[in-house]
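A quick write-up on the structure given underneath.
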Amino acid sequence: GAGVSQTPSNKVTEKGKYVELRCDPISGHTALYWYRQSLGQGPEFLIYFQGTGAADDSGLPNDRFFAVRPEGSVSTLKIQRTERGDSAVYLCASSLMAGGGETQYFGPGTRLLVL
Amino acid sequence: AQSVSQHNHHVILSEAASLELGCNYSYGGTVNLFWYVQYPGQHLQLLLKYFSGDPLVKGIKGFEAEFIKSKFSFNLRKPSVQWSDTAEYFCAVIGGGTYKYIFGTGTRLKVLA
């Protein structure tokens, strides 16, 4: 079956611009997670949704970052006034439900480069 | 705050050598532990996970990991590596009533044919 998909796969933007990154989870998965991976680092948690609501957004670095999941399926991560430090791979994952023992299935990521 | 340490950042082995990658975490409560692998050009895939029961966990492709609670460790092992095991390996932990992974920085494994 189809896995987690993310679009675009690569995004180049200029400092100060607005970007949207999209994640399409595995069908039927109610939990969706966003992580950010900088070069040489492991993925860092940003936010996760259970259904339509953000259950934990403690990893969002500041108020330039925002994510939505209006219908409980596709999610969009939005970054305003991008900065060069936002350059990273943004990973999305989904799981059947939110739970400690649940496996999270990762997408291929969106590589964001802010010039 | 929880953290995960992977002490080996780069490992180079010859085929058929044995592998052990270290993972230590810093959380005293109940944890769930995972190892993920990222092959070149591919996305993160689950190798194995532990959340209860037998502390020796077997995963895909001949990998196993042992949870040692007293040492806060969850080391990954494979008795005989293959060239196709060349990849980056990440240890992750979930605990404290949260459902977000805390990842280590990863270990890049290169297996020489």
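Can you name the residue in the stretch A:64-115 that is assigned to a loop (DSSP other than H, G, I, E, B) and of a type in the set (D, E, K, R) and is also nearest to the other protein chains (Cβ to nearest Cβ) among such residues?
By that ranking, first place goes to A:GLU102.
Here A:GLY109 passes the criteria (1) closer than 22 Å to B:GLN38 by Cβ; (2) in contact (Cβ under 8 Å) with a residue 12 or more places away in the chain; (3) surrounded by fewer than 18 Cβ atoms within 10 Å (Cβ to Cβ) except the one numbered (3).
Evaluating B:ARG108 against the criteria (1) basic (Lys, Arg); (2) touching a Ser or Thr at 6+ places or on another chain (Cβ under 8 Å); (3) within 14 Å of another protein chain (Cβ to nearest Cβ) leaves one unmet condition, (2).
Could you tell me which of the residues A:GLN37, A:GLN50 is within 13 Å of chain B (Cβ to nearest Cβ), within 24 Å of B:PHE90 (Cα to Cα) and among the polar types (S, T, N, Q)?
Values: A:GLN50 fails: within 24 Å of B:PHE90 (Cα to Cα).
Exactly one residue qualifies, and that residue is A:GLN37.
For A:PRO43, state whether it is of a type outside the set (Gly, Ala, Ser), under 17 Å from A:ARG111 (Cβ atoms) and away from chain B (no Cβ under 13 Å). Answer is no for this residue. Under 14 Å from the mean Cα position of the chain (by Cα), within 11 Å of another protein chain (Cβ to nearest Cβ) and either without any contact (Cβ under 8 Å) to a residue 12 or more places away in the chain or surrounded by fewer than 16 Cβ atoms within 10 Å (Cβ to Cβ) (or both) - does that describe any residue in the stretch B:11-30? Looking through the stretch B:11-30, none of the residues is under 14 Å from the mean Cα position of the chain (by Cα), within 11 Å of another protein chain (Cβ to nearest Cβ) and either without any contact (Cβ under 8 Å) to a residue 12 or more places away in the chain or surrounded by fewer than 16 Cβ atoms within 10 Å (Cβ to Cβ) (or both).
Name the strands (runs of 3 or more DSSP E) wholly within chain B that hold at least 2 residues that are within 18 Å of A:PRO43 (Cα to Cα)? So that I can check it myself, show each step before the final result.
Details: elements: B:10-14, B:19-21, B:31-38, B:45-50, B:56-58, B:64-68, B:73-78, B:87-95, B:107-112.
Fully inside chain B and qualifying: B:31-38, B:45-50, B:87-95, B:107-112.
Mind checking which residues of the stretch B:51-66 are closer than 20 Å to B:ALA87 by Cβ and surrounded by 16 or more Cβ atoms within 10 Å (Cβ to Cβ)?
Residues of the stretch B:51-66 that are closer than 20 Å to B:ALA87 by Cβ, as a first pass: B:57-65.
Residues satisfying the conditions are B:VAL57, B:GLY59, B:PHE63, B:GLU64, B:ALA65.
When A:LEU60 is tested against the conditions (1) away from chain B (no Cβ under 14 Å); (2) farther than 24 Å from B:GLN42 by Cβ; (3) crowded, with 17+ Cβ neighbours inside 10 Å, the lone failure is (1).
Taken as a whole, the stretch B:67-86 holds no residue that is facing chain A (nearest Cβ under 8 Å) and either loosely packed, with under 15 Cβ neighbours inside 10 Å or within 26 Å of A:GLY99 (Cα to Cα) (or both). Taken together, the residues in the stretch B:58-69 that are free of Cβ contacts under 8 Å to residues at least 24 places away in the same chain and within 13 Å of B:VAL31 (Cβ to Cβ) amount to 2.
Values quoted throughout were computed directly from the atomic coordinates according to the rules given, and no laboratory measurement underlies them. From a predicted model like this one, the values you see are computed outputs, not experimental measurements. Heads up, the Cβs are rebuilt from the backbone with ideal geometry, glycines too, and the neighbour counts pull from every protein chain shown.
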